[in-house]
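The values are calculated or read from the model by the stated rules, or taken from the named source; none is laboratory data. This structure is a prediction, so every number in the text was calculated from the model and none was measured. Reconstructed Cβ throughout: ideal geometry from the backbone, glycine too, with neighbour counts over all protein chains shown.
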């Protein structure tokens, strides 16, 4: 049975992606990072997110890379511990050069979140969920 899951994404510039995701609070795994990929551990369960330069990514997928300016390939969601963490992360994303395309806001009366595109247009969604308000 599956023990772990890794998210693999293509990027135009590994160093810029390392800087961006470090600035917004992802934990860089230096031992598994090199010039063609950056490895991050995210969250309590330490989900692995790998950012590969486009040539390397194409090499093991055998497909063209999606044009994130024309369409969405995936929406990766992660949680927050508070509304304040949402606001702070949205600020960090903007300062690091990301595109906040959905500003922090109340969602369905029990969630608070925002959404952004990273430097390569991959879509991310961060949510704080107050289950005591779940309808």
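Looking only at the range 38-51, decide whether some residue is farther than 22 Å from residue 73 by Cα, surrounded by fewer than 19 Cβ atoms within 10 Å (Cβ to Cβ) and within 11 Å of the chain's Cα centre (by Cα).
no
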| field | Evaluation of residue 130 against (1) in contact with a strand residue (DSSP E or B) (Cβ under 6 Å, 6 or more places away or on another chain); (2) without any contact (Cβ under 8 Å) to a residue 24 or more places away in the chain (one fails), failing number | value | (1)
| query | Does at least one position in the range 88-108 carry a residue that is in contact with a strand residue (DSSP E or B) (Cβ under 9 Å, 6 or more places away or on another chain), under 15 Å from residue 7 (Cβ atoms) and either assigned to a loop (DSSP other than H, G, I, E, B) or touching a residue at least 24 places away in the same chain (Cβ under 8 Å) (or both)? | reply | no
| query | Does residue 76 meet the test of being surrounded by 12 or more Cβ atoms within 10 Å (Cβ to Cβ), modelled with pLDDT under 95 and closer than 30 Å to residue 31 by Cβ? | reply | no
| Of the residues 65, 76, which is touching a strand residue (DSSP E or B) at 6+ places or on another chain (Cβ under 8 Å), closer than 22 Å to residue 98 by Cβ and touching a residue at least 60 places away in the same chain (Cβ under 8 Å)? | 76
